[in-house]
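Working notes, structure below.
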Amino acid sequence: MYPSFHYYRRKEPWQIAAARYCVKNSEKGFTHDELKNFIRSAYSVSDEHIEQFIQEELDFPLGSTYSRTAKGGYWIPPLELVSKVTDYDELKEARQSSKNAFQFSIIAIIISSVSLYVTIQLGENQIEVSQEQFRLQQAVWDYEKIRNERMEQRDIDWRREDLRFYNRLP
């Protein structure tokens, strides 16, 4: 008939569970005894606390001057009680959203840290590769310089040979 004791014990305070019971049964109405039985089935609350809840939330809600008597023995919860349940649900959702946002922000920080580390590592490798490329280019330039000098010398030697060949060299 009622949800188990452990369901309510883990989920919400007994006042909210009692208010939720009132809201869920607002269409058909409920008696004080039905409400008390529901609270006792799910929570171990003293009768004084239950009576105080009924008096403050159902009989004399805040701002009420006169007692809200039930017609035919059935009660309908005041709008303030409905608002409390709605506010509790919204607060619970907001807390869950906040926890999710916190978890996503932690994940984002971890991802950005890993990205930064990878970027630094790749940057160092790029610098090493750039330095190696510069050394290779310098070696190529040195080789070309030596080759050009040798070719110039060879060209000079060939020119001399040509001139000797044609007996034009003194």
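Taken over the range 74-107, the criterion of being aliphatic (A, V, I, L, M) and within 20 Å of Ile54 (Cβ to Cβ) is satisfied by Ile76, Leu79, Leu81, Val82, Val85.
Note on the range 133-170: among residues that are at negative phi and not in a helix (DSSP H, G or I), the one that is modelled with the highest pLDDT is Tyr166.
Do we find a residue being among the polar types (S, T, N, Q) and at pLDDT below 90 anywhere in the range 106-115?
Here is the first cut: in the range 106-115, the residues among the polar types (S, T, N, Q) are 112-113, 115.
Now drop any that are not at pLDDT below 90, which leaves none.
Checked the range 106-115: no residue is among the polar types (S, T, N, Q) and at pLDDT below 90.
Restricted to the range 21-41, and to residues there that are part of a helix (DSSP H, G or I) and either in contact with a Pro (Cβ under 7 Å, 6 or more places away or on another chain) or of a type in the set (S, T, N, Q) (or both), the residue that is surrounded by the most Cβ atoms within 10 Å (Cβ to Cβ) is Cys22.
Going through Ile54, Ile50 one at a time, which residue ends up being at pLDDT 85 or above, assigned to a helix (DSSP H, G or I), over 38 Å from the mean Cα position of the chain (by Cα) and closer than 15 Å to Arg20 by Cα? It would help to see each step written out before you state the result.
Values: Ile54 fails: at pLDDT 85 or above.
The match here is Ile50.
Candidates in the range 57-97 are the residues that are acidic (Asp, Glu) and modelled with pLDDT of 80 or more; of these, the one that is surrounded by the most Cβ atoms within 10 Å (Cβ to Cβ) is Glu57. Among the residues examined, Ser130 qualifies as modelled with pLDDT under 80, assigned to a helix (DSSP H, G or I), surrounded by 10 or more Cβ atoms within 10 Å (Cβ to Cβ) and small (Gly, Ala, Ser).
The values are calculated or read from the model by the stated rules, or taken from the named source; none is laboratory data. As the structure is a computational prediction, the values presented were derived from the model and not from experiment. Neighbour counts run over all protein chains shown; Cβ positions are idealised from the backbone, glycine included.
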